[in-house]
Amino acid sequence: MGDNIKREIEAIVREAAFLVENQGEYAFQQFRTKGKFYHDDIYVFVWGVRNNKITRLVFPPDNMGEDIEITNMTDSEGRNITEMIMKIALSPKGEGWSDVYLWKKQPGMEDSEKISFVKKVTHKGKMYVVGAGYHLN
């Protein structure tokens with residue numbers, strides 16, 4: 001499962017990043033609709049980066065989790081997920097896989113290990129981080 005799902009997620013993220021780069025926030029609705037960008041436990045998320053403030057703009061499992069500042073979002077073990085993802089986005093390559101962090105598959109469920117592939121994009125001078133991941137168990 002590992003390599004195939006990783007390749008699938010990288011392809012989804014790169015396609016979503018291309019859409020954001022070209023359409024900006026007009027692309028977001030496609031990510032919230034069940035289909036290529038949102039199926040099973042896999043979904044594309046988008047963060048907006050303005051100065052030192054990070055905002056979650058797209059979060060398909062729960063749209064109540066959108067438009068929320070996540071500058072210091074941590075998992076249940078205290079790992080700073082935002083810092084980890086931003087380090088990848090701001091790296092010279094601008095994309096890559098995160099370390100393992102804990103995340104709920106669905107609200108109310110226990111945390112499980114997850115990794116995400118993220119890519120930095122810009123549209124009309126605004127910076128975004130586009131990503132998707134999968135649970136390891």
task: Rank Met84, Gln23, Ile5 by how far each Cα sits towards the positive end of the charge dipole of the chain (+1 on Lys, Arg Cβ; -1 on Asp, Glu Cβ) and give me just the farthest.
output: Gln23
message: Under the rule that an exposed site lies in a DSSP loop and has at most 12 other Cβ atoms within 10 Å, name the longest stretch of the chain with no trypsin sites (Lys or Arg not before Pro) of that kind, not counting the sites themselves.
response: 35-92
query: Over region 67-135, what percent of the accessible surface lies on carbon and sulfur atoms, probe 1.4 Å?
result: 48
Phi to ³J(HN,Hα) by Karplus 6.51 cos²θ - 1.76 cosθ + 1.60 over region 55-61, Hz, x for Gly, Pro: 10, 7, 9, 10, 8, x, x
- request: Could you check the simple spin-label distance between Gln106 and Asp41, using points 7 Å along Cα→Cβ, in nm with one decimal?
  value: 1.2
message: Loop-only GluC sites (Glu not before Pro) in region 53-123, please: DSSP not H, G, I, E or B, and at most 10 other Cβ atoms within 10 Å.
response: Glu77, Glu110
query: How large is the charge dipole for the chain, taken about the Cα centre, if only the Cβ atoms of Lys, Arg (+1) and Asp, Glu (-1) carry charge, to the nearest 20 debye?
result: 520
- prompt: Given R₀ = 22 Å, FRET efficiency for Trp97-Glu21 by Cβ-Cβ distance, to 0.05?
  reply: 0.60
field: Note, ³J(HN,Hα) from phi for region 35-46, Karplus 6.51, -1.76, 1.60, rounded to Hz, x at Gly and Pro
entry: x, 4, 8, 8, 8, 6, 8, 9, 8, 7, 10, 9
query: How big is the Kirkwood radius of region 79-137, worked out from every pair of different alpha carbons and given in Å to one decimal?
result: 12.2
query: How large is Rg over Rh for region 16-137, taking Rg from the Cα atoms and Rh as the Kirkwood inverse mean of 1/r across Cα pairs?
result: 0.93
message: Skipping prolines and chain starts, which residues have an amide H placed within reach, meaning under 5 Å, of the one on Ile54, given they are 5 or more residues away or on another chain?
response: Ile70, Thr71
message: Which residue, Gly125, Met109, Tyr43, has the largest displacement toward the positive end of the dipole of region 42-137 when charges sit on each Cβ (Lys, Arg +1; Asp, Glu -1)?
response: Gly125
message: Using a 1.4 Å probe on the protein heavy atoms only, what accessible surface does Glu25 show? Give it in Å² to the nearest 10.
response: 100
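The values are calculated or read from the model by the stated rules, or taken from the named source; none is laboratory data. These figures come from a predicted structure and were not determined experimentally. Every residue, glycine as well, gets a Cβ built from its backbone with ideal geometry; the counts of neighbours run over all protein chains shown. Side chains included, ligands, DNA and RNA excluded: accessible areas come from the protein's heavy atoms. Shrake-Rupley method; radii C 1.70, N 1.55, O 1.52, S 1.80 Å.
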